[in-house]
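Here is the structure we will look at, set down as structure tokens.
What follows is calculated from the coordinates using simple rules that are stated; it is not laboratory data. Remember, it's a predicted structure, so these values are computed and weren't measured experimentally. Note that each Cβ is placed from the backbone with ideal geometry, even for glycine, and that neighbours are counted across all protein chains shown.
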Amino acid sequence: MNHFLKLLDCSTEEIVELLDMADQLKYELKHGINHKPLEGKTLGMIFQKSSTRTRVSFEAGIYQLGGMGMFLSSHDLQIGRGEPVEDTARVLGRYLDGIMIRTFAQQEVEDLAKYGGIPVINGLTDFCHPCQVMADLMTIREHKGHLDGLKLCYIGDGNNMANSLIVGGLKAGMKVSIATPKSHQPDPTVLAFAQQYGDKFQLTDDIFAAAADADAVYTDVWASMGQEGEAAERRKVFAGYQVNEKLMSVAHGDAMVMHCLPAHREEEISAETFEKHAGEIFDEAENRLHAQKAIMVKLMADR
């Protein structure tokens, strides 16, 4: 593994290796065991989309591992003024030991990896959010003890989270069901990938069919970053796609509820259901730190 660009690039074995490493790093941090495999390393963190969890978890994570994180806003870089991404990549590759980028186009991430000569981590694009899904899988495994054979259900927009949950869940041995309006389905590339898993994958517009016997029910905001102008229209489209106690009644009695945050209570999730499962949701948020530390160690430690 040279980069972490999308879960479509990862094997099941690589995903499991990262999850195991994340568990170990979390254990070491909680027990005060010193771990600084990235001492002297510098991670450049490019943000063309703003963030709470991505910035703080990466910056804290690289520091805990002995390295340094360098925040690079698109307003501060020439990439924000029209410099080709391949030129920015060639320059940063001579200064840094790794790059994390949170941006819009997946191709920008792919080009950074192609031209930079150093590991690149996808902190989010409009196509996928692989770091979040590693934290999600880590959290489900912590709570349930395993992943293989469990049912993961996603309700809402067929966005970057849906794309990554489909790929990550299926590769981790889970059954995955997705409920979206027919007008907002996941990316065709991802749906084509999922077809090879047969009846382990379900795509429907019926939220109750998707959530039936689920072990984990996941949702995300109806209007993602950059779609704020569509918020009113999207509220109409997704009005019937709320995770609430009525929906959870068809899932397993001990089913988890997950959300990548920020959450809009009484839109994609009821306040009652959010608070009932807040422990799981904030375990999930915490695990961004540990999962991303594992990714950084895997890519950067031996360079």
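Per-structure values
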| read-out | value |
| --- | --- |
| Options 279, 92, 56, ranked by Cα towards positive dipole end of the chain, top entry (Cβ charges) | 92 |
| Dipole moment magnitude, nearest 20 debye, the chain about Cα centre, only Lys, Arg, Asp, Glu C-beta charged | 480 |
| Exposure proxy ranking, count of Cβ atoms within 10 Å, fewest first, for 164, 57 | 57, 164 |
| Extension gain, residue 276 back to residue 235 (0.36 nm per residue minus Cα-Cα distance, nm) | 12.4 nm |
| Length gained when the stretch residue 63-residue 144 is fully extended (0.36 nm per residue, less Cα-Cα span) | 26.1 nm |
| Difference of contour (0.36 nm per residue) and Cα-Cα distance, residue 204 to residue 11 | 66.8 nm |
| Nitroxide proxy distance, nm - points 7 Å out along Cα→Cβ at residue 266 and residue 56 | 2.5 |
| Karplus 3J(HN,Hα) series, Hz, for the stretch 186-203 with 6.51 cos²θ - 1.76 cosθ + 1.60 (x for Gly, Pro) | x, 4, x, 4, 6, 5, 5, 4, 5, 4, 5, 8, x, 7, 6, 10, 9, 10 |
| For the stretch 132-285, size of Cβ-based charge dipole, Lys and Arg +1, Asp and Glu -1, in debye | 360 |
| Rounded tilt (10° steps) of 12-30 against the dominant C-alpha axis of the chain | 80 |
| Helix 130-144 vs. the chain, principal-axis angle (Cα, 0 to 90°, nearest 10) | 60 |
| 0 to 90° range, to nearest 10: angle between helix 53-64 axis and the chain longest Cα axis | 50 |
| Mean Cα-pair separation over length for the stretch 132-285, i.e. relative contact order, pairs under 8 Å, 6 or more apart, % | 25 |
| Farthest toward positive dipole pole in the chain [+1 Lys/Arg, -1 Asp/Glu at C-beta], among 4, 149, 70 | 70 |
| Positive-end extreme of charge dipole, the stretch 196-303 - chosen from 263, 295, 202 (charges on Cβ) | 295 |
| Computed helical MRE - 222 nm, the chain, DSSP H runs ≥ 4 contributing -39500 (n - 2.57), nearest 500 | -13000 deg cm²/dmol |
